[in-house]
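The values are calculated or read from the model by the stated rules, or taken from the named source; none is laboratory data. Owing to the predicted nature of the structure, the values given are computational and were not obtained by experimental measurement. FYI the Cβ positions are ideal-geometry reconstructions off the backbone, even for glycines, and counts take in every protein chain you see.
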Amino acid sequence: MNLRFVSSSAFLKDCPEPGLPEFAFIGRSNVGKSSLINMLSGRKALAKISSNPGKTRTINHYIDSDSSFYLVDLPGYGFARLSKTEINVLEKIIHTYILKRQNLKCIFVLIDSRHEPLKQDVTFMNWLVRNNKKFIVLFTKSDKNRKNDLAKLRAEYMLKVKTMVSGFVPDIIPTSSITRLGKEEVASIIKEMLLT
Ligand code: GTP
Ligand code: MG
């Protein structure tokens, strides 16, 4: 997937014209959204990454080389270190973008593969279901688990979240921006959705 940076937008109104299908990456701060976009593009420094949670504060558009779709790197939710006002502002930006962006085809919700279902993620997925938004769950940082552990974590997570999120599609795609696990699978999901 050959991607090029297009723009960083503070608000929905600043985003590029919604002329192409769009796929957004969201999840808790520091979960690995920007790293995953870099991994998909095969470029290390396309999207800015940082071990400091809260790195991405804007809506970042990337376009593929055939100009057939956009990938979007969103700010994370659940910043531990931000003020209540800052959290509210970012949440409003994310919610407005998801609810109003007409060309948004699907949202990839990123979850750290090492974690139990966390309240913020469950709340967010329920919000997506309530608002009829299509989403797919990706596990990030899968390289941090042994293979057997990963399979077990994935199965347990699916089982738990199924009871917590009504309408949860019981599947999770494991990814790693280090080993590039999941690269082909995510790319082929995007390709397939471009045909629908
Ligand atoms: P915000 O922009 O703050 O919301 O974070 P983000 O979700 O974009 O996370 P980012 O890609 O900046 O990564 C956060 C940290 O996790 C960085 O230190 C990355 O190097 C690390 N990281 C991301 N993906 C992986 C992965 O697949 N494996 C490992 N081991 N580390 C990862
Ligand atoms: Mg980021």
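List of remarks:
- Single residue of the stretch 29-60 satisfying the filter (buried (at least 22 other Cβ atoms within 10 Å of the Cβ) and over 25 Å from Lys119 (Cβ atoms)) that is nearest to ligand 2 (Cβ to nearest atom): Ala47
- Positions within the stretch 157-181 being within 18 Å of Phe108 (Cβ to Cβ), more than 16 Å from ligand 1 (Cβ to nearest atom) and in contact with a helix residue (DSSP H, G or I) (Cβ under 9 Å, 6 or more places away or on another chain), in sequence order: Val161, Val165, Gly167, Phe168, Pro170, Asp171
- Boolean, Leu110 is within 16 Å of ligand 2 (Cβ to nearest atom), in a strand (DSSP E or B) and over 17 Å from Thr56 (Cα atoms): no
- Hey, Ser113 surrounded by fewer than 12 Cβ atoms within 10 Å (Cβ to Cβ) and among the small types (Gly, Ala, Ser) or not: no
- Residue within the stretch 36-45 that is within 22 Å of Val122 (Cα to Cα), modelled with pLDDT of 95 or more and not in a strand (DSSP E or B) present: yes
- Count of the stretch 174-185 residues which are surrounded by fewer than 21 Cβ atoms within 10 Å (Cβ to Cβ) and β-branched (Val, Ile, Thr): 2
- Within the stretch 139-170, the set of residues being part of a loop (DSSP other than H, G, I, E, B), more than 19 Å from Lys33 (Cα to Cα) and touching a residue at least 12 places away in the same chain (Cβ under 8 Å) comprises Val165, Ser166, Gly167, Phe168, Val169, Pro170.
- Residue list for the stretch 61-78, filter: in a strand (DSSP E or B) and away from ligand 2 (no atom under 14 Å from the Cβ): Ile63, Asp64, Tyr70
- Residues in the stretch 144-157 that are under 19 Å from Glu116 (Cβ atoms) and surrounded by fewer than 16 Cβ atoms within 10 Å (Cβ to Cβ): Lys144, Arg146, Asn148, Asp149, Ala151, Lys152, Ala155, Glu156.
Listed here are the residues, each with its yes/no results for (1) more than 12 Å from the chain's Cα centre (by Cα); (2) touching a residue at least 40 places away in the same chain (Cβ under 8 Å).
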position	(1), (2)
Tyr97	yes, yes
Arg101	yes, yes
Leu104	yes, yes
Ile111	no, yes
Glu116	yes, yes
Gln120	yes, yes
Asn126	yes, yes
Phe135	no, no
